[in-house]
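The values are calculated or read from the model by the stated rules, or taken from the named source; none is laboratory data. This structure is a prediction, so every number in the text was calculated from the model and none was measured. We place every Cβ from the backbone using ideal geometry, glycine too, and count neighbours over all the protein chains shown. Ligands, DNA and RNA are stripped out before the accessible areas are found, and what is left, the full protein with its side chains, is counted by its heavy atoms. Shrake-Rupley method; radii C 1.70, N 1.55, O 1.52, S 1.80 Å.
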Amino acid sequence: ITTIYIGGGTPLALSIPHLETLLQTIKSVVMVNQVVEFSIETNPNNITSDKIKLLRHYGVNRLSIGIQTFDEKHLDFLGRDHTIHDIQTSIALLKSMKFPNISIDMMFSLVHQTVEELQYDITHALQLDVDHIDGDGSNNDKYNLQTICANCHRLKTHTNEDWKSKNV
């Protein structure tokens, strides 16, 4: 096994003892030191310094953060329980603790999302200067996203298999 991905929403919502039990169980059946990428999904408001230390201790080297949007009204519509402040704080904490690979998940073509709101989200996602930005939307809207953001080389949608450079 070269890649481990723990997803399904919010694994970091687990308490530290439960998260440690999960990580210990994985370590007991997988040679984690031979894994190239060990990734876990989370929401911004579930990230703490203690959890980051625990993840690093068990070899997790990539965190995929479900940001979804930088618009409070869209976050509310999606039923997300994090805020823009949570996003900024969690990314700053991960960077200060030198977490090796930070990925963010964004949702595009949200109900009632305007082109200007989409551009706002893309701009703010790029300003975070993270390692990976993943965009998700319907197939028709992905084409529109690529048209709108033709110069956003760091953005990858599920229809674009080609990673672009970090330069915008």
Scanning region 51-82 for residues that are open to solvent by less than 20 Å² (accessible area, probe 1.4 Å) and more than 22 Å from residue 5 (Cβ to Cβ) gives 69, 70, 74, 75
Residue set 21, 48; condition of a type in the set (Val, Ile, Thr), under 24 Å from residue 128 (Cα atoms) and either open to solvent by 70 Å² or more (accessible area, probe 1.4 Å) or modelled with pLDDT of 95 or more (or both); output residue 48
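Going by the structure shown, is residue 55 in a helix (DSSP H, G or I) and under 14 Å from residue 103 (Cβ atoms)? Working first, answer last.
Values: in a helix (DSSP H, G or I): yes; under 14 Å from residue 103 (Cβ atoms): yes.
Yes: the conditions hold for residue 55.
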| Before we move on, is residue 101 open to solvent by 30 Å² or more (accessible area, probe 1.4 Å), closer than 16 Å to residue 125 by Cα and either in contact (Cβ under 8 Å) with a residue 24 or more places away in the chain or not hydrophobic (A, V, I, L, M, F, W, C) (or both)? | yes
Residue 25: passes all of (1) touching a Lys or Arg at 6+ places or on another chain (Cβ under 8 Å); (2) assigned to a helix (DSSP H, G or I); (3) of a type in the set (S, T, N, Q) but (1)
